[in-house]
1. Give the residue that is farthest from Ala134 (Cα to Cα), with candidates limited to residues of the range 144-165 that are in contact with a Ser or Thr (Cβ under 8 Å, 6 or more places away or on another chain) and polar (S, T, N, Q).
2. Mind listing whichever residues of the range 140-154 are under 18 Å from the mean Cα position of the chain (by Cα) and at pLDDT 95 or above?
3. Among (1) surrounded by fewer than 13 Cβ atoms within 10 Å (Cβ to Cβ); (2) in a loop (DSSP other than H, G, I, E, B), there is one condition Ala194 misses while meeting the rest; what is its number?
4. Going through the range 47-58 one residue at a time, which ones are aliphatic (A, V, I, L, M) and either touching a Pro at 6+ places or on another chain (Cβ under 9 Å) or within 19 Å of Val197 (Cβ to Cβ) (or both)?
5. Would you confirm whether or not the range 49-56 contains a residue that is of a type in the set (A, V, I, L, M) and in contact with a strand residue (DSSP E or B) (Cβ under 7 Å, 6 or more places away or on another chain)?
6. On the given criteria, is Thr217 out of contact with any Cys (no Cβ under 7 Å at 6 or more places or on another chain), at pLDDT below 95 and hydroxyl-bearing (Ser, Thr, Tyr)?
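The values are calculated or read from the model by the stated rules, or taken from the named source; none is laboratory data. These figures come from a predicted structure and were not determined experimentally. Note: ideal-geometry Cβ built from the backbone for every residue, glycine included; neighbour counts use all protein chains shown.
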Amino acid sequence: MASIDDSTGLSRRSAVVLGLAAVVVAVLLIVAFTRPHPTGPVATDRLGPAQGEQVADYLADARASLDGTDADPRWALVSFAEYRTPQQLPAAADGLRISGVIQHVPIDRVQTPVVTVAVPAGDEPTLRSADAAAGLLESQQVRDARGAEVVRVSASRLRAGCACTAGIVVRGTLSQLRDLAAAPGIRAVQALPADAVAGRFAVSPLLPESAGAITPTPDDGPVPAE
């Protein structure tokens with residue numbers, strides 16, 4: 001038979017074990033609630049150049065993506081040689097359905113955000129894409145005063161109708177996309193495979209000023225007042 005001291009020791013050891021178990025459970029619960037969970041399938045298709053990629057290599061790959069004889073519609077990124085206004089976009093698409101508009105306010109030696117606005121069918125949403133991009137910019141949290149100034153100036157210029165559209169995402173057949181690529185002012189058209197699914201591919205812009213390798217632009221210039 002165990003003595004009173006033995007019983008007390010067993011009780012203490014049991015309490016310690018139970019306490020440790022509670023801590024372990026608590027830690028597991030914290031990990032379970034704080035670990036990020038997958039939000040959906042990982043996008044493997046992409047439109048636009050990757051960071052570090054040479055622009056010349058991307059342009060060659062974009063041309064090669066238009067090879068083929070099938071008539072299946074595909075998603076494609078149209079990159080402009082010069083920035084355009086929203087009013088110029090319906091004509092630039094040459095009748096193809098626009099599903100995304102890439103807005104970027106160029107400011108010398110100031111990093112400004114790129115905003116891709118998804119647009120439904122019809123010209124009106126495309127014409128209002130700059131206002132939509134301005135609203136998206138203003139809804140984002142900024143970390144410092146410079147960031148706030150960049151957002152303010154960018155949104156102001158977008159709402160004023162600046163030529164700030166770097167490209168559009170369209171849907172068309174290879175034949176239609178080749179015709180579009182040959183149009184004046186089009187720098188590149190890159191098509192995805194026909195089985196690419198809407199909303200499951202990444203888009204990064206080829207900005208009109210991009211040359212050499214795709215790298216972050218300098219951010220050491222003054223932010224203009226307007």
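1. Thr165
2. Correct list: Val151, Ser154.
3. Ala194 satisfies all of (1) surrounded by fewer than 13 Cβ atoms within 10 Å (Cβ to Cβ); (2) in a loop (DSSP other than H, G, I, E, B) except (1).
4. Leu47, Val55
5. no
6. yes
Table: residues versus (1) at pLDDT 95 or above; (2) over 12 Å from Ala191 (Cβ atoms); (3) assigned by TED's automatic domain parsing to the domain that holds Ala118.
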{"site": "Ala26", "(1), (2), (3)": "no, yes, no"}
{"site": "Ile30", "(1), (2), (3)": "no, yes, no"}
{"site": "Phe33", "(1), (2), (3)": "no, yes, no"}
{"site": "Leu59", "(1), (2), (3)": "yes, yes, yes"}
{"site": "Ala62", "(1), (2), (3)": "yes, no, yes"}
{"site": "Ser65", "(1), (2), (3)": "yes, no, yes"}
{"site": "Thr85", "(1), (2), (3)": "yes, yes, yes"}
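For (1) outside any loop (DSSP other than H, G, I, E, B); (2) under 21 Å from Glu82 (Cα atoms); (3) without any contact (Cβ under 8 Å) to a residue 40 or more places away in the chain; (4) aliphatic (A, V, I, L, M), each residue gets a yes or a no:
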residue: Val115; (1), (2), (3), (4): yes, yes, yes, yes
residue: Leu136; (1), (2), (3), (4): yes, no, yes, yes
residue: Val150; (1), (2), (3), (4): yes, no, no, yes
residue: Ser154; (1), (2), (3), (4): yes, yes, no, no
residue: Gly167; (1), (2), (3), (4): yes, yes, no, no
